[in-house]
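Here the structure is laid out as C-alpha cells; the discussion comes afterwards.
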Amino acid sequence: MKKIAIACDNGQIFPHFGKTPSFLVAEVEGKSIVSKEMVPVKGGRVSHDSGHQCMGHLVMVEFLTGLQVDVVVCGGMGHGAREALLAAGMEVFGGQEGSAEAALMFYANGDLRDASGGCCGHHHHH
C-alpha cells in the first residue's frame, strides 16, 4: 500500500508546491485506489515579505511526513523542496498539470512519470 499526496486546488494540480492550499491524499494498493480525501494544508502560510522563501517547502515536507505520505505529485517545485522530500523518503512526481484525479489514476496504473526535468521546477516551457 502506498499513500500518495497530490498538490491541488479545486481539483486541479497546483502549480507551486510551496503554496499548495490542499492535497488530495489517497491510498493505492496495486492498481486499486483504496481511499481518498482532500486535506487542507495547515500552517503552510509563510510570509515572503523579507524575500526569503525557504520556509514554505519545509513546512510542507513536515506536513506530508506527518500524513505518512510515500509519494508526492505536484506542479512546479524548487530544488530544495525536491531534495527535502527525497531525504524524507518520498517519491516525487513533479511537473504535472491538469486534473488531480487523473494523475491519481495514472499513478495507480503505473503510468505517471516525473516531468520536472532539471534542478529547478519553476520554469516550464510547454
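If you count, for each residue, the other Cβ atoms within 10 Å and average over each peptide, how do 16-24, 84-92, 108-116, 58-66 line up from highest to lowest?
Those peptides, ordered most packed to least, come out 16-24, 58-66, 84-92, 108-116.
With the crude spin-label approximation of a point 7 Å out along Cα→Cβ, what separation in nm comes out for ILE33 versus ASN10?
Result for the modelled spin labels: 2.0 nm.
Mind listing the long-range amide H neighbours of VAL41? Cut-off is under 5 Å, sequence gap 5 or more, other chains count too, H placed in the peptide plane at 1.01 Å from N.
SER22, PHE23
On a full-extension model of 0.36 nm per residue, what is the gain between GLU91 and MET1, subtracting their alpha-carbon distance, rounded to one decimal in nm?
Full extension of this stretch gives 31.0 nm more.
Straight-line reach from LYS31: which lysines fall under 17 Å, measuring Cα to Cα and dropping same-chain residues less than 8 apart?
LYS2, LYS3
Read-outs: derived from the displayed coordinates by stated rules, not from any lab. Bear in mind the structure is a predicted one, so any value in this text is a computation, not a measurement. Heads up, the Cβs are rebuilt from the backbone with ideal geometry, glycines too, and the neighbour counts pull from every protein chain shown.
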